[in-house]
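**Student:** Got a structure for you, questions after.
The values are calculated or read from the model by the stated rules, or taken from the named source; none is laboratory data. Not measured: the values here are computed from a predicted model. Cβ: placed from backbone, ideal geometry, glycine included. Neighbour counts: every protein chain shown. We work out accessible area using only protein heavy atoms, side chains counted, and drop any ligands, DNA or RNA first. Shrake-Rupley method; radii C 1.70, N 1.55, O 1.52, S 1.80 Å.
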Amino acid sequence: MKFSKSYIKTLKETPKEAEVISHILMLRAGMIKKLASGIYSYLPLGYKALKKVENIVREEMDRAGALEVHMPVIQPAELWQESGRWSVMGPEMFRLKDRHERDFVLGPTHEEVITDIVRSDISSYKALPVNLYQIQTKFRDERRPRFGLMRGREFLMKDAYSFHTSQESLDEEFENMRETYSRIFTRCGLKFRPVEADSGAIGGNGSQEFHVLAESGEDEIIYSDGCDYAANIETATSKLVNPPKEEEKEIELVHTPDSPTIEKLAEFLNIPLTRTVKALLYKDLGTDEFYMVLIRGDFDVNEIKLKNAINAVAVEMATDEEIENLGLIKGYIGPYKLANDKIKIVADLSVIELSNHVTGAHQKDYHFVNVNYGRDYKADIIKDIRTVKVGETCPKSDGKLHSARGIECGHVFKLGTKYSEALKATYLDKDGKTQTMIMGCYGIGVSRTMAAAIEQNYDENGIIWPVAIAPYVVDIIPANVKNEAQTSLAESIYQKLKAENIDVMLDDRDEKPGFKFKDADLIGFPFKVVVGKRAEEGIVELKIRKTGETLEISKDEVINKIKELMLKY
Ligand code: 9G3
């Protein structure tokens, strides 16, 4: 490609609305252009990189035995009404009407559509398992789109759906997809980690996220330094270490003036935080029921785990007014002598073995000490609902837990029968009995992965593309386009690289070399070939973007050298 014909418009300044480096650099390198909030056009340079990510995804999904389909972006509301999600999805779902006033959605995902297809095509166990995938535009009307392609409202996703006759078959495909995702992210030149995750809005029983590690990642990943355990902080667990067990003592009511917070209470009673129990009031926003959540004083409630523990769609801390209306006193709430039997008690694992702990006494400035779970109160639900802390011990090894920021680029789910049940996607098994298909679904954020690659590969001069997804691998720069020797050598190297099917740019603009170097480093070509003064001798400079290294090399060796270096970067 000749630079002068490439429609590349680089920007000197950082666009003010861009906050993260990938957004800044994609705009400055002329890869994307904002059409509306969270909605971007891909310009030639950006689209070329996007297609490279997409093709790696496609190659590996095909290699994994999945079959590519292509479903519409616009979907009839009826399918979402049938699955029951029409009424539960909020404003994130983009709804619209056609000219006949019929309801439609711009697809945020395609479980309903693919299940509708499969239920009408498959009726025998012989046709299963099958894994169908597409690479399609998705629309999710984020309240606050930001970070460019990282959290856009319209984005490109590879979404796959598999259908099975047994859990074992689903487990097999789940593993197959996990390995496929590892190959995809590795081929894209990314450092990533598979982590245990919450199934969230999709339901089902088990899911894993693939995170590209980067400081700008929105997710917090907890990982062990003793084994491969890693989990999104939403679901991470740790080895619970309680203070030593004691003889259960008699409960006492103790005057605890001015200690409405757990820290002040521990200080006043001169006991460690680990001997106190926080009682927090939560409301299930779906049922408006209240729950008293008990957790050891040094831990924090993990609201995703709590939501799952009480099977709520969403939970929120009760307001002061709601606490008062329940006859409770904020700061002095506790499970012992709780008069209000309408409130269900949820106890974290950290309190049920905790000898002689302190809890609120339902009156200002008073607490109970020596409270023991079992003897003095019982919980309706006992579950791990705490947020793990860095430094705690790994649940699987003696390793310590650390945290890193991650960009969720992939997510694989064991869906079970949530959608096949709702949409009656059934088949006849070998005994002629009607069974419900078991499903899995597997997503990769293709446009987000491209952005994540930049988040992981940049420096003060711009992008540093991994070779596999670079829009162009080599940028040939004749130092002086008026010098015949330089332009003809540049042209011949250009032709040879094209003949080798290597994506090559020739910067034929009549600009100073420095100007071209800056553009080349901003755009992030992995290699530059500078054809300068020594062109007459057939010597050129080969510069490696990642390391900054420069090799003086003859025109006869430069092609092979580039092919060799392409395997490394
Ligand atoms: C919606 C809206 C937003 C959503 C969903 C539905 C996320 C929704 C979860 C998934 C699960 C998997 C197949 C590919 C991989 C991810 N956000 N999810 O279901 F209506 Cl507005 O999409 N789907």
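**Student:** Whole-Hz ³J(HN,Hα) for each residue in region 147-161, computed from phi via Karplus 6.51 cos²θ - 1.76 cosθ + 1.60 with θ = phi - 60°, x for glycine and proline: what do you get?
**Tutor:** 6, x, 6, 6, 9, x, 9, 10, 8, 9, 10, 9, 10, 10, 9
**Student:** Oh, and also: Of all beta bridges DSSP finds with both residues in region 472-568, what is the antiparallel percent, to the nearest 5?
**Tutor:** So the antiparallel bridges amount to about 55 percent of the total.
**Student:** Could you run the Karplus curve 6.51 cos²θ - 1.76 cosθ + 1.60 with θ = phi - 60° over region 386-402 and give me ³J(HN,Hα) per residue in whole Hz, x for Gly and Pro?
**Tutor:** Along region 386-402, the couplings run 9, 8, 5, 10, 4, x, 5, 8, 4, x, 10, 8, 8, x, 9, 8, 10 Hz.
**Student:** Still on this structure, I have one more. Calculate how many DSSP beta bridges within region 252-383 are antiparallel, expressed in % of all such bridges and rounded to the nearest 5.
**Tutor:** About 65 percent, rounded to the nearest 5.
**Student:** Here's something else I'd like to know. In terms of modelled amide H atoms, which long-range or inter-chain residues lie less than 5 Å from the amide H of E392?
**Tutor:** Residues meeting the criterion, in which the H sits 1.01 Å from N, are L401.
**Student:** Please say if region 265-329 is rounded, prolate or oblate, where rounded means a/c under 1.5 for a ≥ b ≥ c the square roots of the C-alpha gyration tensor eigenvalues, and otherwise the choice is prolate for a/b larger than b/c and oblate otherwise?
**Tutor:** oblate
**Student:** Could you give the size of the charge dipole of the chain about its Cα centre, using +1 on the Cβ of each K and R and -1 on the Cβ of each D and E, expressed in debye and rounded to the nearest 20?
**Tutor:** With only Lys, Arg, Asp and Glu charged at Cβ, the dipole is about 1700 debye.
**Student:** If I take every Cα pair under 8 Å that is 6 or more residues apart in region 26-177, average their sequence separation and divide by the length, what percent do I get for the relative contact order?
**Tutor:** 24 percent
**Student:** Only helical DSSP H runs with n ≥ 4 go in: add -39500 (n - 2.57) per run for the chain, normalise by residue count and round the 222 nm mean residue ellipticity to 500 deg cm²/dmol.
**Tutor:** -8000 deg cm²/dmol
**Student:** Sort out for me the Cα centre separation of region 484-558 from region 295-334, rounded to whole Å.
**Tutor:** 63 Å
**Student:** Also, I was wondering about something else. L285 to E218: FRET efficiency via 1/(1 + (r/R0)^6), r the Cβ-Cβ distance, R0 22 Å, to the nearest 0.05?
**Tutor:** Between L285 and E218 the formula returns 0.45.
**Student:** Determine the distance separating the Cα centre of region 367-406 from the Cα centre of region 89-107; give it in Å without decimals.
**Tutor:** 43 Å
**Student:** Next question, about the same structure. Using +1 at the C-beta of Lys and Arg and -1 at the C-beta of Asp and Glu, which of F290, N308, S355 has the Cα lying farthest in the positive direction of the dipole of region 278-367?
**Tutor:** S355
**Student:** Right, something else. With labels modelled as points extended 7 Å from the Cα through the Cβ direction, what inter-label distance (nm, one decimal) is found for T261 paired with R375?
**Tutor:** 3.1 nm
**Student:** Describe numerically, in nm with one decimal, the distance between label points set 7 Å from Cα along Cα→Cβ at S488 and at R95.
**Tutor:** Label at S488, label at R95, 7.1 nm between them.
**Student:** Taking a cut-off of 14 Å between Cα atoms, list the aspartates and glutamates near K378, but don't count ones fewer than 8 places away on the same chain.
**Tutor:** Cross-link targets: D341, D348, E353.
**Student:** First measure r as the distance between the Cβ atoms of L428 and D228, then evaluate 1/(1 + (r/R0)^6) with R0 = 51 Å and state the FRET efficiency to the nearest 0.05.
**Tutor:** Using R0 = 51 Å, I get an efficiency of 0.80.
**Student:** Which value, in Å² and to the nearest 10, is the accessible area of S216 when all protein chains are kept and the probe is 1.4 Å?
**Tutor:** Taking all protein chains as shown, S216 has close to 30 Å².
**Student:** Which whole-number percentage describes the relative contact order of the chain, with Cα contacts under 8 Å and a sequence gap of 6 or more?
**Tutor:** Worked out over the chain, it gives 17 percent.
**Student:** Next question, about the same structure. Could you compute how fast the chain diffuses translationally, taking Rh as the Kirkwood radius over C-alpha pairs and applying Stokes-Einstein at 20 °C with viscosity 1.002 mPa s? Give it in µm² per second.
**Tutor:** 78 µm²/s
**Student:** Filter K307/K418; K518/K563; K191/K496; K48/K555; K249/K278; K239/K264 down to the pairs with a C-alpha to C-alpha distance above 22 Å, please.
**Tutor:** Over 22 Å Cα-Cα: K518/K563; K191/K496; K48/K555; K239/K264.
**Student:** Which far-off residues, 5 or more places away or on another chain, put their amide H under 5 Å from the one on I74, with H placed in the peptide plane?
**Tutor:** G107
**Student:** Next up: Sort out for me the Cα centre separation of region 129-203 from region 248-268, rounded to whole Å.
**Tutor:** A separation of 49 Å, based on Cα centres.
**Student:** With a ≥ b ≥ c taken as the square roots of the eigenvalues of the C-alpha gyration tensor of region 258-398, please select rounded if a/c is under 1.5 and otherwise prolate if a/b is larger than b/c or oblate if it is not?
**Tutor:** oblate
**Student:** Please list, ordered by chain and number, the residues whose modelled amide H lies under 5 Å from the amide H of Y366; skip anything fewer than 5 residues away on the same chain.
**Tutor:** The answer is T256, A361.
**Student:** Tell me which GluC sites (Glu not before Pro) from region 2-108 have a DSSP coil assignment and no more than 10 other beta carbons within 10 Å of their own.
**Tutor:** Those that pass, being in a loop and sparsely packed, are E13, E101.
**Student:** Where does each of 526-532, 556-562 land if you order them by average Cβ count within 10 Å, highest first?
**Tutor:** For the peptides 526-532, 556-562, the packing ranking is 526-532, 556-562.
**Student:** Determine ³J(HN,Hα), in whole Hz, for all residues of region 23-38 in sequence, where each value follows from phi through the Karplus function 6.51 cos²θ - 1.76 cosθ + 1.60 and θ = phi - 60°; x replaces Gly and Pro.
**Tutor:** 3J(HN,Hα) across region 23-38, in whole Hz: 5, 4, 6, 5, 6, 5, 7, x, 8, 9, 9, 6, 9, 8, 4, x.
**Student:** Taking only C-alpha pairs under 8 Å that are 6+ residues apart, what is the relative contact order of region 472-568 in percent?
**Tutor:** The value is 29 percent.
**Student:** Let me ask you something else. Going by average Cβ neighbours within 10 Å, how do the peptides 324-333, 131-140, 249-258, 470-479 rank, with the highest at the top?
**Tutor:** 470-479, 131-140, 324-333, 249-258
**Student:** Then there's this: Heads up, I need the accessible area for H100: 1.4 angstrom probe, whole protein in place, Å², nearest 10.
**Tutor:** We get 110 Å² for H100.
**Student:** Taking R0 as 30 Å, what FRET efficiency do you get between K34 and E500 from their Cβ-Cβ distance, rounded to the nearest 0.05?
**Tutor:** 0.25
**Student:** Based on DSSP, what percent of beta bridges with both residues in the chain are antiparallel, to the nearest 5?
**Tutor:** About 80 percent, rounded to the nearest 5.
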